[in-house]
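See below for the structure under consideration.
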Amino acid sequence: MINSNRLLALLFAAGAACLALPQPSLAQDYPAKSIRLIIPYPPGGGTDYVGRVVGTKLAELTKWTVILENRPGAGGNLAAEAVAKSAPDGYTLLLAQTDSVMVSPWLNPSVGYDTLKSFTPVVQLTITPGAIVSATTSTIRTPADMIAKGKTTEGLRWATAGAGTFGDLLGEQYKKAMNINLVNTAYKGAPPALTDLMGGHVDVALLSLGSVLPQVKTGKLHAVAVTTATRANLLPDTPTLAESGATGMDGSIWVGIFVPVGTPMPIVQKLNAEFNRALQQSDVKEKIVSVGVDVVGGSVETYTEFVKTDFARWGKIVKDSGIKLQ
């Protein structure tokens with residue numbers, strides 16, 4: 001008869017032996033079904049374009065079924081909240097952007113997610129300057145023209161892709177910096193903002209360069225200024241806002257992939273590797289760079305640190321500006 005101590009010792013040894021055996025990788029059988037890539041904006045904008053180029057190439061290279069799902073609204077917050085509440089199994093991905101995940105939580109603490117606690121960063125895809133554009137029929141051609149219009153009773157009619165977005169926040173900063181009358185109108189994405197811009201209902205729109213570069217190249221829009229500290233490579237003749245006296249205004253828009261927190265790290269790493277492979281394809285690079293967007297890529301760890309730093313930076317910008325969502 002085996003005494004109890006001897007039995008416990010045998011059971012412990014057996015358990016240890018089982019743990020020592022090779023365990024099946026969580027990522028080995030992933031994915032076993034279709035993956036949804038949630039795009040927070042309507043079809044036709046710069047973020048949508050990046051998502052479709054990279055998502056399509058990901059499906060092509062891996063033979064995975066990748067469903068691209070546009071879910072616009074609330075400056076990207078509806079999509080972010082939906083992904084944050086999804087199962088952490090790697091089958092629901094968020095095409096994250098500066099507007100929602102970096103800016104909105106500081107403007108409105110009641111959004112249904114916490115950027116640093118609700119998500120696990122996977123990979124940064126791209127980065128692009130913001131661009132202020134006007135219709136080619138408009139008299140506003142330079143930052144000086146914007147300031148002059150902002151000194152009128154009517155004010156400078158300024159369009160953005162949504163309340164609490166990158167363009168919305170910078171518009172309020174610009175209003176204070178230049179002491180002008182700026183009438184800010186928020187749309188549900190870049191396409192409707194551009195429709196009203198070209199229809200003469202607003203004077204300028206601040207959107208990502210990727211959203212407007214094709215129209216600038218074809219002469220449908222005029223580039224008034226960019227929001228980065230230095231001029232954009234693809235628009236070397238377009239001044240920065242800082243050049244016209246709006247010092248301290250420096251911002252870019254980045255796009256990356258997030259998954260719900262709790263997603264197993266082997267799956268996160270597998271997604272990171274495959275997205276990086278897609279980004280490295282020459283046709284993907286050509287398509288993205290051609291619309292004024294730079295390819296980034298990199299490790300999970302690098303992106304995670306970038307997200308933490310950028311989130312804190314935007315928090316300071318919001319607090320210093322005193323802007324709050326109503």
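Values in this text are rule-based calculations from the coordinates and carry no lab data. Just so you know, these numbers come straight off a predicted model, no measurement behind them. With ideal geometry, Cβ positions are generated from the backbone for all residues, glycine too; neighbour counts draw on all protein chains shown.
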Charge dipole (debye, nearest 20) of the chain; +1 at Cβ of Lys and Arg, -1 at Cβ of Asp and Glu: 260
Sequence-separation-based contact order of the chain, relative, with Cα cut under 8 Å and 6+ spacing, percent: 26
Entries of K188/K220; K270/K324; K33/K324; K220/K285; K57/K316; K85/K217 with Cα pairs more than 30 Å apart: K270/K324; K33/K324; K57/K316; K85/K217
For region 129-244, size of Cβ-based charge dipole, Lys and Arg +1, Asp and Glu -1, in debye: 60
Gain in span if fully extended, T304 to N233, counting 0.36 nm per residue against the direct Cα distance: 22.8 nm
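For the peptides 28-37, 273-282, what is the packing order when you average, over each peptide's residues, the other Cβ atoms within 10 Å and list the highest mean first?
Numbers: 28-37: 13.9, 273-282: 16.6.
Answer by packing, highest mean first, reads 273-282, 28-37.
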Listed candidates (i) 58, 50, 37; (ii) 85, 53, 40; (iii) 98, 41, 29 - label of the one calculated as Cα extents along the principal axes in Å: (iii)
Cα-centre dipole for region 213-319 with unit charges at Cβ (Lys and Arg positive, Asp and Glu negative), debye to 20: 200
